[in-house]
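Participant: Dropping a structure here in structure tokens format, bear with me for questions.
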Amino acid sequence: MASLITAKAIMMSHHHVLSSTRITTLCSDKANDNQQRKTKLHISHRFFSRRTISAAVINSASPVPKKETVEDERRCHVAWTSVQQEKWEGELTVQGKIPTWLNGTYLRNGPGLWNIGDHDFRHLFDGYSTLVKLEFDDGRIFSGHRLLESEAYKAAKKHKKLCYREFSETPKPLRNNFKNPFSGVGEIVKLFSGESLTDNANTGVICLGDGRVMCLTETQKGSILVDHDTLETIGKFKYDDGLCDHMIHSAHPIVTETEMWTLIPDLVKPGYRVVRMEAGSNKREVVGRVKCRSGSWGPGWVHSFAVTENYVLIPEMPLRYSVRNLLRAEPTPLYKFEWCPNDGAFVHVMSKLTGEIVASVEVPAYVTFHFINAYEEDETGDGKPTVIIADCCEHNADTRILDMLRLHTLRSSHGDDVLPDARIGRFRIPLDGSKYGKLETAVEAEKHGRAMDMCSINPLYLGLKYRYVYACGAKRPCNFPNALTKVDIVEKKVKIWHEHGIIPSEPFFVPRPGATHEDDGVVISIVSEENGGSYAILLDGSSFEEIARAKFPYGLPYGLHGCWIPKH
Ligand SMILES: CC(=O)/C=C/C=C(C)/C=C/C1=C(C)CCCC1(C)C
Ligand SMILES: CC(/C=C/C=O)=C\C=C\C=O
Ligand SMILES: [Fe+2]
């Protein structure tokens with residue numbers, strides 16, 4: 001408690017903090033008998049711009065400096081405002097009661113810093129990785145955040161400019177390079193060798209079966225190990241195979257206690273390698289390769305994919321990587337991608353054991369970032385699966401969602417209902433050699449506000465028949481998912497949790513040890529508030545009602561994906 005108040009006091013007096021060039025404040029946490037735990041606030045003014053720091057003043061409800069540059073941020077939700085310190089840690093005061101069985105750390109990654117010097121990033125996915133932890137310890141929550149020390153972030157800090165290609169931004173070529181006819185060739189080499197690509201691992205964080213904790217993005221070089229306790233960056237995860245030549249991979253590998261599966265798209269000969277890595281190893285083995293079926297130049301974008309007990313599902317979306325757009329310095333309407341619905345949309349199914357393709361079906365056009373789960377079904381009862389069911393957060397084959405995630409759009413909300421509709425899309429993929437698969441709406445989308453993304457399930461049901469999806473849904477009108485939702489895909493019932501003005505991050509389900517019901521557990525989310533604050537929320541996985549919350553002494557921006565690291 002003492003630490004919370006102290007930290008709050010520091011946050012509240014940013015104008016005082018602003019007057020010095022670099023401040024690290026340490027205050028003992030008297031309420032805590034563990035001397036290791038301190039409340040720490042670290043502000044590095046050498047990097048954080050005036051504008052960011054001014055925003056900090058607004059978000060902590062201090063007097064607002066009269067500056068033109070601050071006007072935009074005044075109206076901007078804290079969810080879209082950069083973090084104001086490189087790191088912070090301290091104990092949060094809990095309202096309600098944390099279940100005694102919940103001991104471990106929830107770690108969340110996301111793009112928390114969207115400017116370098118005076119340059120503002122364009123897209124949500126461009127921001128520098130910021131880790132947030134919630135360490136649950138016998139009913140208490142020790143928390144903190146810290147920026148990931150990627151090469152991209154360190155270089156930006158040092159040179160006060162963008163140095164690597166991010167999701168939507170490309171560094172400006174050197175002025176004297178404009179007239180060099182070979183600079184274009186150089187850029188191509190740097191792109192395809194991966195040299196110019198970012199390692200800003202801002203998308204997710206996973207805990208491998210051997211306990212190593214790794215932050216990830218879609219570039220392979222952006223696989224970075226961290227210490228989940230201190231949030232310190234340990235260093236690059238070095239893949240001990242030749243597969244990094246392929247530059248990119250899915251941002252969402254599938255991790256179990258024994259292995260990790262992921263997809264590596266091939267931009268040159270459109271297709272995907274399906275790879276598997278044993279826990280404890282750094283070497284991925286190629287289980288199989290699937291060739292793209294569409295005649296397009298690039299493979300479909302794979303942000304995520306799905307597995308069943310025996311198969312890997314490889315999506316081939318009509319939203320495709322475009323080598324032409326990759327080489328463009330300025331963003332195109334679809335960034336590095338292009339929309340090719342006329343070339344078809346497909347799902348391929350590979351045997352985990354043999355690497356053989358056991359089904360490859362054409363399906364209606366779709367746009368998804370996130371697969372929810374998949375399972376095999378035996379419809380004839382003879383003990384062999386006849387069909388695969390795969391669910392995803394589907395954006396009604398509408399690519400506008402990518403552009404809705406531009407920071408300017410997110411920041412200029414005027415209360416209009418502008419979020420395009422999304423649903424739970426259910427694929428039915430027959431295993432009898434049929435040419436076509438189906439894609440249908442699993443649950444009437446109106447029930448979850450026609451928003452559906454950032455999903456989680458009970459991890460014990462991975463690849464198995466399951467019933468509950470936790471995700472971000474909406475209370476309309478909105479320009480971004482603003483509610484948490486629990487969908488019962490069997491009974492087609494939906495529960496919604498919402499408070500006015502909030503932007504919640506991914507609801508993450510943690511099962512209760514020993515539970516026999518799929519929804520026996522808790523759901524963790526971090527909520528950014530309209531008034532500039534933020535809090536961690538714990539919902540009961542079954543009733544979907546609040547069981548506890550803990551306020552941060554400052555506002556946290558929106559975050560993407562997290563993981564659970566149990567205490568042993
Ligand atoms: C945050 C998130 O969901 C996605 C991030 C994706 C990134 C950073 C993608 C980066 C890329 C490049 C820098 C060039 C190559 C293509 C692509 C993988 C889109
Ligand atoms: C935040 C998001 C989509 C929200 C729309 O409803 C997608 C994030 C994708 C990356 O992880
Ligand atoms: Fe994602």
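Just so it is clear, none of the values below were taken in a lab; they were calculated from the coordinates. Small disclaimer: the values here were computed from a predicted structure and weren't measured. Every residue, glycine as well, gets a Cβ built from its backbone with ideal geometry; the counts of neighbours run over all protein chains shown.
Participant: Which peptide among 476-486, 102-112 comes first, and what is the full order, when sorted by highest mean count of other Cβ atoms within 10 Å?
Facilitator: So the order, starting with the most tightly packed, is 102-112, 476-486.
Participant: Moving on. Considering only DSSP states other than H, G, I, E and B, which trypsin sites (Lys or Arg not before Pro) in segment 201-240 qualify as loop sites with at most 10 other Cβ atoms within 10 Å?
Facilitator: LYS238
Participant: Most exposed first by the Cβ proxy, i.e. fewest other Cβ within 10 Å, how do MET247, MET317 rank?
Facilitator: In order of increasing Cβ crowding within 10 Å: MET247, MET317.
Participant: For a footprinting-style exposure proxy, rank TYR558, TYR321 by other Cβ within 10 Å, fewest first.
Facilitator: Ascending number of Cβ neighbours within 10 Å: TYR321, TYR558.
Participant: Past the 32 Å Cα-Cα mark, which pairs from LYS486/LYS551; LYS160/LYS236; LYS283/LYS551; LYS157/LYS269?
Facilitator: LYS283/LYS551; LYS157/LYS269
Participant: Over the alpha-carbon set of segment 507-568, work out the extent along each principal axis and list the three values in angstrom, largest first.
Facilitator: 40, 26, 18
Participant: Something else about it: Towards the positive end of the charge dipole of segment 138-277, with charges on Cβ (+1 Lys, Arg; -1 Asp, Glu), say which of VAL189, ASN200, THR219 has the farthest Cα.
Facilitator: Farthest towards the positive end: VAL189.
Participant: OK, next. Where a Cα-Cα gap under 14 Å defines reach, which aspartates and glutamates qualify for LYS238, not counting those fewer than 8 residues away within the same chain?
Facilitator: Qualifying aspartates and glutamates at Cα under 14 Å: ASP199.
Participant: If you don't mind, another one. Please give the Cα centre distance for segment 230-283 versus segment 400-423, rounded to the nearest Å.
Facilitator: 32
Participant: State to the nearest 20 debye the size of the charge dipole of segment 168-310 about its Cα centre, where the only charges are +1 on K and R beta carbons and -1 on D and E beta carbons.
Facilitator: It comes to approximately 820 debye.
Participant: Considering only LEU431, ALA374, LEU405, whose Cα is most displaced toward the positive end of the charge dipole of segment 352-458, charges sitting on Cβ of Lys, Arg (+1) and Asp, Glu (-1)?
Facilitator: Highest projection toward the positive end goes to LEU405.
Participant: In addition: Return the loop-located GluC sites (Glu not before Pro) in segment 502-568 (DSSP other than H, G, I, E, B) with at most 12 other Cβ atoms within 10 Å of their own Cβ; answer none if there are none.
Facilitator: Details: sites: GLU518, GLU529, GLU530, GLU545, GLU546; in loops: GLU518, GLU529, GLU530, GLU545.
The qualifying sites are GLU545.
Participant: What list do you get for ARG428, ARG165 if you sort them by fewest beta carbons within 10 Å? The partial results should precede the final answer.
Facilitator: On the way: ARG428 17, ARG165 23.
So the residues, fewest neighbours to most, are ARG428, ARG165.
Participant: Right, another one. Under a crude label model (7 Å from the Cα following the beta-carbon direction), how far is ASP138 from LEU460 in nanometres?
Facilitator: Taking the two extended label points, one gets 2.6 nm.
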